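Every read-out reported here was derived from the displayed coordinates using simple, explicitly stated rules and does not represent laboratory data. Here the structure is a predicted model, which is why all the values come from computation and not from measurement. All Cβ positions, even for glycine, are placed from backbone atoms using ideal geometry, and neighbour counts span all protein chains on display.
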Amino acid sequence: MFKKRCRRFSKIPSKRGLAIISVLILSVMALSILPVSAQTWTTRASMPTARAQAAVVLAPDGLIYVIGGYDSASESTGLTSVQAYNPTTNTWSTKASLPNATRGATATVGLDGKIYVFGGLPPVV
């Protein structure tokens, strides 16, 4: 039924330590942050691709990677796109796409500084 999958995304430079982010919420295209000390939400740059069920990981390069998921046009197939948010510059960039579309996956950063994407749902045929 579901294939067990593990994909290595790419090697992430580990020159910087992990940035600490108080609270991050990614919801469709909106990005809002709530610094613990501020007690007010701030709207930031919108994601270039609206998506749900995406994997999100904070990488050693300080970027927040949003991986796969689906949008309203690709609900049955999922997305291959990967986008990274830079909290310092409040900008998004497009990264190398996944080899296969996935939604509902999870991701982590390994000790080697690489992003690993696990599981997810295959395309609905």
Quiz item: Sorted by mean Cβ packing within 10 Å, highest first, what order do the peptides 90-96, 79-85, 57-63 take?
Solution: 79-85, 57-63, 90-96
Quiz item: Modelled label-to-label distance, residue 43 and residue 91, 7 Å Cα→beta-carbon offset: nm?
Solution: 2.2 nm
